[in-house]
Structure formats: structure tokens, C-alpha cells
Amino acid sequence: MIKRVFWVSFYTGASQLLALYTLSYVLRNYGEEVSGRIGIIDSLVLIISGVISFGTQLAVNRNVATKRSWRSNYYLGQSARFSMSLVVIIYAIVSAMYQLDLTKLIFLAAPLIAFNGDYSLYGTGQPIKAAQISFFRIAIPNLSILITAYFFSQYLIHAYLIFVGVGIFNSGIIASRINKVQYLFPFNRKFTKFYLKYYKVGIFQLSYAILITGILAISKFFYTIETIGLVYGVLKYFEVFKGLLRILKQAFFRDLASDAVGIRVDKFGILMGSFVVIPAFLYTKETLQLIYADTYMGKELLLILFGIAMILASLQPSLDMRALLKRLDNTNLFAYLLALIIAVTIISYASNTPYGLYGIPIGIIAGEIILLVVLSLRIEGLSFYIKRFQFILKLLPLLSMVILIRFLFEPSIIMLVISSAIYSLSVLFAFRKLLFEKATQMD
């Protein structure tokens with residue numbers, strides 16, 4: 001199991017580490033406002049992708065994974081995506097007339113997002129190649145920030161906007177060559193029919209995007225850009241963690257129709273979630289100090305709250321994709337729409353309180369709870385909790401060991417590293433069977 005995950009994680013992890021370093025550099029040297037603008041751009045990219053995909057991406061990928069003659073459906077999907085991207089650009093033009101904002105220029109990248117078919121590589125069973133492409137897509141704009149900051153710091157946002165588009169274009173070209181399909185697709189006058197066919201999956205997919213970084217595009221109506229920039233510094237770690245969980249789903253996408261594989265993937269997710277305990281709860285101050293210096297002094301609760309959200313997410317990495325492959329689209333639709341409504345309600349309400357800074361993570365936590373309860377009961381029922389609880393019990397001795405270390409020794413960055421190393425080795429030894437056996441092998 002770990003072989004496929006390792007290489008996908010390697011490329012994805014490398015790109016995300018670069019993104020995290022870039023964000024840390026921006027926060028320490030240019031402050032919350034610049035961080036906030038970058039966060040808004042990333043948020044808008046996710047929302048634009050969700051609108052353009054709106055069910056077509058997951059539906060096409062489902063067909064790619066389950067049918068041999070997938071190209072005709074892929075062509076239809078790509079043509080519909082390009083048509084929708086033109087609608088997005090029209091909206092951007094009208095929106096710019098009402099209020100011009102530099103970050104809105106990212107809407108011009110909508111056709112590039114539409115033509116990018118790298119998502120299909122997961123359906124065709126090529127997750128490693130997809131991860132390699134993703135590495136360059138993320139690395140290009142982040143490297144542009146570091147280079148521009150050195151020579152032309154006043155154009156940081158401009159450079160980021162341009163090279164986000166360059167990264168997306170590069171991904172689309174390479175993916176089309178790997179799939180041996182064309183890159184450009186024509187306008188489809190009947191594209192709305194294709195979207196209406198998959199509207200349930202579309203709402204689920206868009207809600208998924210918003211419940212991560214996409215939430216910042218909504219939060220900007222309630223919070224200052226500085227607050228968004230401050231939250232984004234820690235939210236980025238939640239985004240990366242969700243990305244790691246997504247690796248599990250994508251790496252075994254074609255096998256998740258099997259409940260046995262889904263359960264094993266969830267166990268792997270729980271293992272990943274257990275690692276959050278050390279930096280988010282045991283060494284909160286040390287973790288933030290290591291990454292952001294004094295930026296979050298007195299605001300450590302942000303990391304703790306996002307840590308809770310990560311652990312909740314780790315309990316259910318396979319559930320939505322299992323529902324998708326089982327064609328339980330109504331379940332995903334209800335769960336994600338309810339989670340989104342509750343999350344946005346909490347975020348908007350909290351913005352008017354003295355604890356507004358923590359409104360975004362609390363809203364995300366509420367959303368993750370809704371997803372966990374609704375999806376678990378529908379997919380597995382009460383047995384979901386019994387199986388996960390039994391697995392968590394096996395983890396408790398290892399977690400107790402690092403908790404004991406935390407209280408026996410003075411907390412420091414060195415102890416953070418030592419505790420993480422000890423726990424990693426312990427997990428590797430204790431769960432070697434789960435990590436190294438094939439995911440499709442039954443327990």
C-alpha cells in the first residue's frame with residue numbers, strides 16, 4: 001500500500017512544502033495583507049475550478065475509472081468545461097465593472113483551468129504522473145514569489161497571478177500528451193445539459209472546495225484582508241493535510257468501490273491524523289515559532305482548532321469517494337451542502353464577536369462534524385465507529401508515549417523534532433502490516 005502512496009506523497013509533499021515555506025516567508029517579511037491577497041487568489045482558483053468542474057470532473061473521472069471507452073465522455077466533459085469557463089469570464093468582467101480588484105484577474109485563467117485534464121490521470125490509474133504534474137503546477141507560482149521578492153518585491157501579487165496561470169497551462173499541456181488527447185476543445189452550445197446531468201455531484205464538488213481554502217473567498221465579505229491573511233497562514237496546513245488525504249483517495253480511486261479497501265484507506269488516514277497531535281496540541285507554540293517566528297504569539301488557539309479539524313477529517317478520507325463510486329450522489333449532496341451552510345453561518349456570525357479570528361476554523365470544524373456523521377451513517381452505519389474506535393485503541397499506547405515525553409521534558413523545538421521522530425518510527429514498526437501490504441488485501 002505504501003509504495004504507491006509514497007511516490008504520490010513525495011511529489012505532492014515537495015510542492016506543498018515549497019508553498020508552506022513561501023507563505024511563511026511572505027508573512028514574516030510582508031505581513032498579513034500580502035498573505036491575505038495570496039490566500040484570496042488561491043481561494044478563487046479553487047472556487048473557479050469547482051464551478052468549471054461542477055460535477056463534470058468527478059463524473060468523467062468515474063467513467064474513466066470504470067469504462068474502457070472513456071475518451072468520448074472525456075471530450076464531452078472538456079468541451080462543456082471550456083464553455084462554462086467563458087461564462088466565468090463574463091461574470092468576472094461584470095464584477096470588475098462594479099468593483100475592480102487585482103485578485104479578480106485570476107478569473108481570466110478560467111479557460112486554462114477548463115482545458116487542464118490532469119484529473120483524468122487518476123481515473124486511468126496514473127496517480128504518480130498526476131502528482132508529478134501537480135508538483136510543477138504548484139511550484140511555478142510559489143517560486144515566482146521568492147524570485148520576485150528578491151528583485152521586484154512591489155510586484156509580488158502580479159507575479160503570482162501570472163505564474164498561477166502558467167502553472168495551470170503547463171499541467172494541461174503535459175496531461176494531454178500523457179493521455180494522448182487534444183488540449184483545446186470547442187465551445188458546446190448544449191453544455192448546460194451536461195452540467196444539469198451531474199448537478200448533484202457538482203454541488204458536492206464545489207462545496208468540498210469551499211470548505212477548505214475556498215472559504216476565504218466567502219470570508220472576505222465578513223473579515224478584513226489582514227485577518228484573512230493571518231488565518232490563511234494556519235489554514236494552509238489544513239489545506240495541505242486535506243491534500244494528503246486526497247492522495248489516498250486518488251491513489252486508490254479505482255479500488256474504493258470495495259468496502260475493504262475503503263476501510264484500510266480510512267485506517268491509513270487515522271494514522272496520518274494521529275501525527276497532528278504532536279505539532280498542534282503538544283508543541284503548539286514551538287511549531288508556530290519554528291515556522292512563523294512571533295507572528296502567532298498569543299494566537300496559538302488557531303493551530304489547535306485547525307488541528308481538531310484535521311483529526312476529524314482523518315477519520316473519513318474515503319467516505320465521499322465511496323459514495324461517489326456507489327452512485328450515492330444524494331448522500332454527498334446533502335452532507336456537503338448542509339456542512340457548507342452551517343460553516344458559513346458560523347463564520348458570518350463569529351465575525352461580529354470578539355472571537356472573530358477563530359470563526360473560520362470553528363466553522364470548518366462544524367462542517368467536518370456534519371460530513372463525518374452523515375457520510376459514516378449512510379455508508380457503513382454504526383459499525384463505522386466501532387471499527388475506527390478499535391483501531392484508535394491500538395494507537396493510544398504510542399500516543400501516550402509522546403504525551404509522556406512532552407510532560408517529562410521542557411517543551412522546545414528540539415523536543416518537537418525528537419518526539420515526531422520517535423512516534424514515526426513507532427508507527428512504522430507497529431503498523432508495518434497495514435503500511436506495506438497491498439490495499440486490496442483483506443485483513
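Read-outs throughout are calculated quantities, based only on the coordinates presented, and are distinct from any laboratory measurement. This one's a predicted model, so the numbers in the text were calculated from it and none came from an experiment. Cβ: placed from backbone, ideal geometry, glycine included. Neighbour counts: every protein chain shown.
Below is a table of values for the structure above.
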read-out	value
Approximate spin-label separation Phe389-Leu428, in nm, with each point projected 7 Å along Cα-to-Cβ	3.3
Ascending count of other beta-carbon atoms within 10 Å, so fewest first, for Lys249, Lys190	Lys190, Lys249
Taking Asp266, Asp101 and counting other C-beta atoms within 10 Å, the order from fewest to most	Asp101, Asp266
Members of Lys180/Lys387; Lys200/Lys299; Lys299/Lys326; Lys197/Lys242 lying beyond 32 Å, as alpha-carbon distances in this model show	Lys180/Lys387; Lys200/Lys299; Lys299/Lys326
Stretch gain in nm, segment Asn330-Val166, where the contour uses 0.36 nm per residue and the Cα spacing is subtracted	55.4 nm
Radius, Kirkwood style, for the stretch 195-254 when every pair of distinct Cα atoms is counted (Å)	13.2
The chain: DSSP helices with Cα axial extent of at least 27 Å and average Kyte-Doolittle hydropathy no lower than 1.6	359-379
Peptides ranked, highest mean first, by Cβ atoms within 10 Å: ranges 16-23, 230-237, 362-369, 392-399	230-237, 362-369, 16-23, 392-399
Radius, Kirkwood style, for the stretch 2-436 when every pair of distinct Cα atoms is counted (Å)	22.3
Exposure proxy ranking, count of Cβ atoms within 10 Å, fewest first, for Glu226, Glu239, Glu300	Glu226, Glu300, Glu239
